[in-house]
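The values are calculated or read from the model by the stated rules, or taken from the named source; none is laboratory data. This one's a predicted model, so the numbers in the text were calculated from it and none came from an experiment. We place every Cβ from the backbone using ideal geometry, glycine too, and count neighbours over all the protein chains shown. Each accessible area value is taken on the protein alone, full model and side chains, heavy atoms only, with ligands, DNA and RNA left out. Shrake-Rupley method; radii C 1.70, N 1.55, O 1.52, S 1.80 Å.
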Amino acid sequence: MRVDVYFGVQGLQPASVQSRLVAVIDVLRASTVAAIALANGARAVVPLESSDEVITRSKSFDRSEVKLAGERRMNPIPGFDFGNSPREFTREAVEGKTVLFTTTNGTGAFLAVQGARDVVVASYVNFTAVLTMMRAAVRAGTDVSIICAGREKEFALEDAGCAGRYVRQLTTRTPEMEMNDAARASELIAKRYGDRVDQLFAESAHGHALSEAGYAEDLVTCAQIDSHPIIPIYQDRQITKLGPERER
Ligand code: MLT
């Protein structure tokens, strides 16, 4: 069995995702937001490429059914209900709503993944829930690919650290697991930081930029391991929560 990590979607080949369980990670902050919004009762999170697409898509809903969300340069998009701060996606704000969502890097990563067996959204806040699904996939003979959204097409330390944490956990139980070099490098990063996710964020360029831009509290929310134990599944161009109503 294999677990492979990819830094960004640029180098993805069809074989990197075909018939695999694919986990998409953008811990700061898109994948964390998706997990928290769904855990707080959002009906679905729909990743879209641009703010124009969000506005166009919103016209096919009653306005009371949708929330428009996303960021550019880390800040909320004018006229939208929310930015990309996980603390905005409270139960009061999102329960029963469809969240139409566009971000600089994270949403593009979902849209780039075609042909996977399943696509899940991974982060620290739902780490173990997604790990459970990965372990089940490996037991059933399915390879795993972890795609780090990165930042502006570049390597992002925080995504690699989270990917490496998955690699470490998977290989502990299955030492014969094969992996690519990016998975090995991610594992080393995860080993270096351990549970000190706050330190990992503080030393990452995006974590630093978010703090400078006034979003330091978001880093605290994004670092809460297993605070929102759900499995978000991306299917039919939307992310919904795996649960009794949507079994695998
Ligand atoms: C992204 O998807 O580009 C990030 O979530 C950016 C951000 O932190 O706002």
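Key figures for this structure:
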{"quantity": "Only one of Thr221, Thr142, Thr132, Thr240 that is more than 22 Å from Pro14 (Cα to Cα) and over 15 Å from the mean Cα position of the chain (by Cα)", "calculated": "Thr132"}
{"quantity": "Enumeration of residues in region 172-189 that are polar (S, T, N, Q), open to solvent by less than 40 Å² (accessible area, probe 1.4 Å) and either out of contact with any strand residue (DSSP E or B) (no Cβ under 9 Å at 6 or more places or on another chain) or closer than 14 Å to Asp143 by Cβ (or both)", "calculated": "Thr174, Asn180"}
{"quantity": "Those residues of region 24-63 which are out of contact with any Cys (no Cβ under 7 Å at 6 or more places or on another chain) and among the polar types (S, T, N, Q), in sequence order", "calculated": "Ser31, Asn40, Ser50, Ser51, Thr56, Ser58, Ser60"}
{"quantity": "In region 18-33, residue nearest to the ligand (Cβ to nearest atom) [restricted to those that are under 17 Å from Met134 (Cα atoms) and open to solvent by less than 10 Å² (accessible area, probe 1.4 Å)]", "calculated": "Ser31"}
{"quantity": "Looking only at region 200-209, and only at residues there that are among the hydrophobic types (A, V, I, L, M, F, W, C) and touching a residue at least 24 places away in the same chain (Cβ under 8 Å), the one that is most open to solvent (accessible area, probe 1.4 Å)", "calculated": "Ala205"}
{"quantity": "Region 97-119, residues that are away from the ligand (no atom under 15 Å from the Cβ) and over 10 Å from Lys67 (Cα atoms)", "calculated": "Gln114, Gly115, Ala116, Arg117, Asp118, Val119"}
{"quantity": "Some residue of region 78-86 being part of a helix (DSSP H, G or I) and either touching a Gly at 6+ places or on another chain (Cβ under 8 Å) or outside the structural domain of Asp226 (by TED's automatic domain parsing) (or both)", "calculated": "yes"}
{"quantity": "Hits in region 167-191 - residues which are without any contact (Cβ under 8 Å) to a residue 24 or more places away in the chain and within 21 Å of Gly150 (Cβ to Cβ)", "calculated": "Arg168, Asp181, Arg184, Glu187"}
{"quantity": "Matching residues, region 76-91, being within 10 Å of the ligand (Cβ to nearest atom) and either acidic (Asp, Glu) or open to solvent by 70 Å² or more (accessible area, probe 1.4 Å) (or both)", "calculated": "Pro76"}
{"quantity": "When residues of region 34-75 are limited to those that are among the hydroxyl-bearing types (Ser, Thr, Tyr) and more than 16 Å from the ligand (Cβ to nearest atom), the one nearest to Lys97 (Cα to Cα)", "calculated": "Ser64"}
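For (1) loosely packed, with under 14 Cβ neighbours inside 10 Å; (2) in a strand (DSSP E or B); (3) among the aromatic types (Phe, Trp, Tyr), each residue gets a yes or a no:
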position	(1), (2), (3)
Ser145	no, yes, no
Gly164	no, no, no
Leu170	no, no, no
Lys191	yes, no, no
Ser211	no, no, no
Glu217	yes, no, no
Thr221	no, no, no
Gln224	no, no, no
Tyr234	no, yes, yes
